[in-house]
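What follows is a single structure, written as structure tokens, with notes after it.
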Amino acid sequence: MKLGVHLVNFTLAGGPEAIGPTLAATGRAAEEAGLDNLSFMDHYLQLAFLSAADDPMLEGYTALGFLAAHTTSVRLQLLMTGVTYRHPGLLAKIVSTLDVLSAGRAALGLGAAWYEREHRALGVPFPPLAERFERLEETLLIVRQMWSDDDGPFEGTHYQLAETINSPQPLQRPRPLIMVGGGGERKTLRLVAKYADACNVFAAAGAGPDEVVHKLDVLRDWCEREGRQYDEIRRTVLYNGSVGQHAAGAASFVEEMRALADVGVDEVHVMPLHGDPVAFVRALGEHVVRPLSRL
């Protein structure tokens, strides 16, 4: 099983001046630890269930570009890019740029967006849920077209592009990995089956594998309907629990992940919700990475 760290907290003891050096050190520690993936959230405001709305929150793709300069091997992505935050043509260009500058390490994680407050706060349109899913599907079509040899027009309900020129193209072939996030059974998992290379569903700490199994069964059904091979899709989870910083707690986490690996999960993303992310990553390297890689 692969391991990623999802960075969500930027309230550091040294204030905003400490964010850049801490992220650079986190990137170095991640590669020394043998992590596979580093990701950020895609939000304008910090989330209320983590902290206050006016606590520090970084713009995701700018932060990934910074990490690209301080790492050489980990995959870089947002978990997840909100479909409402950027025009899809620009989004394809942004991820292409990240891929080129990181020597082929960008991934596109994409979701329907949900945090209405930050849209209203910064004046960004927040369409109804049904429309956001329509836009999500059109965005998936657009990025796939822009990452292909077809530079012709795109005519959709919500987006019209006269040309889909994208130069330079991403270094990865045939294109960067596309991950669709969420466990919605009628729309989200259908979009995974039809367009994506990976899914990302929620794994609640201590809940066992049953809910994840159910979501993967739904994905398998959608793959059959769409004529897609289920095993082509990377199955990933975002884990919401704490990961022990010492051997005993880490061993308990690895055993919990064993149950998910047994039902086909390929990759888990964990979050340092508080404290020093560098210490968190180093503890993963010491206690988690090797046993998890054997699952």
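Return, ordered by residue number, the residues of segment 216-240 whose backbone nitrogen is under 17 Å from a label point located 7 Å along Cα→Cβ of Leu177. Only 230-239 pass the distance filter.
Using the Stokes-Einstein relation with a Kirkwood hydrodynamic radius computed over Cα pairs, the translational diffusion coefficient of the chain at 37 °C and a viscosity of 0.692 mPa s comes to 167 µm²/s.
From largest to smallest, the equivalent ellipsoid semi-axes obtained for segment 225-290 from the alpha-carbon gyration tensor read 28, 13, 9 Å.
Using helices alone, what [θ] at 222 nm do you get for the chain, with -39,500 (n - 2.57) per DSSP H run of 4 or more residues, divided over all residues and rounded to the nearest 500?
-12500 deg cm²/dmol, from helical runs alone.
Working from label points 7 Å from Cα in the Cα-to-Cβ sense, the Thr62 to Arg290 distance is 4.1 nm. A simple spin-label model places the labels of Ala205 and Val263 1.9 nm from each other, with each point 7 Å out along Cα-to-Cβ.
With a ≥ b ≥ c the root eigenvalues of the C-alpha gyration tensor of segment 7-52, is it rounded (a/c under 1.5), prolate (a/b larger than b/c) or oblate? Mind dumping the intermediate values first?
Numbers: a/c = 2.70, a/b = 1.45, b/c = 1.87.
Oblate, since a/c reaches 1.5 and b/c is not below a/b.
In terms of the mean number of neighbouring beta-carbon atoms within 10 Å, the peptides 244-252, 18-26, 3-11 order highest first as 3-11, 18-26, 244-252. Extent of segment 69-186 along its three principal axes (Cα atoms, max minus min coordinate, largest first): 37, 34, 31 Å. Summing +1 for each Lys or Arg and -1 for each Asp or Glu among the other residues whose beta-carbon sits under 12 angstrom from that of Ala196 gives +3.
With each label modelled as a point 7 angstrom along the Cα→C-beta vector, the Val213-Ala162 pair spans 5.6 nm. Its relative contact order, with pairs defined as Cα atoms under 8 Å and 6+ residues apart, puts the chain at 21 percent.
Within the chain, antiparallel bridges make up roughly 5 percent of the DSSP beta bridges whose residues both belong there. Using the Cβ-Cβ distance between Arg225 and Phe49 with R0 set to 30 Å, the FRET efficiency from 1/(1 + (r/R0)^6) comes to roughly 0.30.
Rule-based calculations on the coordinates, nothing more; no lab input. A quick note: this is a predicted structure, and the numbers were derived from the prediction, not measured. Because the Cβ atoms are built from the backbone with ideal geometry, glycine has one as well, and the counts that use them run over all protein chains shown.
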